[in-house]
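Here the structure is laid out as structure tokens; the discussion comes afterwards.
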Amino acid sequence: MTKKDLINSGKVKSVFTTDNDNEVLIEFRDDMTAGDGARKEVMSKKGTYNAIISSKIFQVLEEGGVKTQLIELIKPNEMIATKLEMIPIEVIIRNIATGSLVRTYPIEDGTPLDPPIVQMDYKNDEFHDPMLNDSIIKALGIATQEEIDTLKELALKVNDILREFFDEAGIILVDFKIEFGKDKDGNIVLGDEISPDSCRLWDKETLDMLDKELFRKGKDDEVMEAYVEVYNRVIPDEEKAKFDL
Ligand code: C5P
């Protein structure tokens, strides 16, 4: 598989064409950003840890019946994936109230949310990712009602599978963001990544943060330790042996 032209360079990942028109190569870089990209640092091996964790999670989701973009992790930080036309919606699921939810609404930090909140934000830096609803999505022509319903249903299914997956690793899945795209046949497929960059993960015993929130809070020196901890807990030893980390 040859890496050809750069199609898109996001804040932390770069997407390249390959010799197959229906596939792309996604490179997970070591960049870490916060505040719409206002703060940016390089964290050694972060791209590798995220690519491995995200691939593992996508595999688990596939086994649970959720179609994902993952084809194969060909290098520790390079994933071959189905080419998708991405839908510019960040679907956020919240199992516990924290972050922007408690800054925006009168709800106490740490409140369990049952059923979970399903939120959709417009992926648009210029407009600072404003929250959407079904009517706004349709008015902007981003998706049909049927597609919106599919996104919500799939996001809740991802939540069910991953809550259990992380629970077995002694981790609480507090909230997360996912993105979907359409493949060449128009099927809605889970894309992008699911990693400590896009989830809030708390240790079940200590409630310590094990995700990017540490970086958002300026605790830069603790970030990689947390990502490595998540890797150690969710990647089985025999799979770790494949990576020289
Ligand atoms: O900041 P907020 O509380 O809205 O974040 C909710 C969840 O979505 C968190 O897990 C956060 O990591 C994730 N998120 C993300 N990318 C964004 C916004 C939120 O991964 N642009």
**Asked** Of all residues in region 77-98, which are in a loop (DSSP other than H, G, I, E, B) and surrounded by fewer than 18 Cβ atoms within 10 Å (Cβ to Cβ)?
**Response** Pro88
**Prompt:** Which residue, of Ala139, Ala38, is under 26 Å from Gly218 (Cβ atoms) and free of Cβ contacts under 8 Å to residues at least 24 places away in the same chain?
**Reply:** Ala38
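Among Lys217, Lys242, which is the only one that is modelled with pLDDT under 95 and surrounded by fewer than 17 Cβ atoms within 10 Å (Cβ to Cβ)?
Lys242
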**Complete set of residues in region 108-139 that are farther than 19 Å from Lys177 by Cβ and of a type in the set (A, V, I, L, M, F, W, C)** = Ala139
**Message:** Which count do you get for residues in region 25-70 that are more than 30 Å from Asp185 (Cα to Cα) and assigned to a strand (DSSP E or B)?
**Reply:** 8
**Request:** Mind checking which helices (runs of 4 or more DSSP H) fall wholly inside region 148-245 and carry at least 2 residues that are more than 16 Å from the ligand (Cβ to nearest atom)?
**Result:** 220-234, 237-240
**Message:** Quick check on region 176-199. Is at least one of its residues in contact (Cβ under 8 Å) with a residue 12 or more places away in the chain, buried (at least 19 other Cβ atoms within 10 Å of the Cβ) and farther than 22 Å from Lys13 by Cα?
**Reply:** no
**Item:** Scope region 99-140; condition assigned to a loop (DSSP other than H, G, I, E, B) and either small (Gly, Ala, Ser) or within 10 Å of the ligand (Cβ to nearest atom) (or both); matching residues
**Value:** Gly99, Gly110, Lys123, His128, Asp129
**Item:** Filter result for Phe16 (buried (at least 17 other Cβ atoms within 10 Å of the Cβ), in contact with a Lys or Arg (Cβ under 8 Å, 6 or more places away or on another chain) and over 28 Å from Ile161 (Cβ atoms))
**Value:** yes
**Prompt:** If you scan region 59-98, which residues turn out to be within 16 Å of the ligand (Cβ to nearest atom) and within 24 Å of Leu214 (Cβ to Cβ)?
**Reply:** Glu90, Val91, Ile92, Ile93, Arg94, Asn95, Ile96, Ala97, Thr98
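The values are calculated or read from the model by the stated rules, or taken from the named source; none is laboratory data. Model, not experiment: these values are computed from the prediction. All Cβ positions, even for glycine, are placed from backbone atoms using ideal geometry, and neighbour counts span all protein chains on display.
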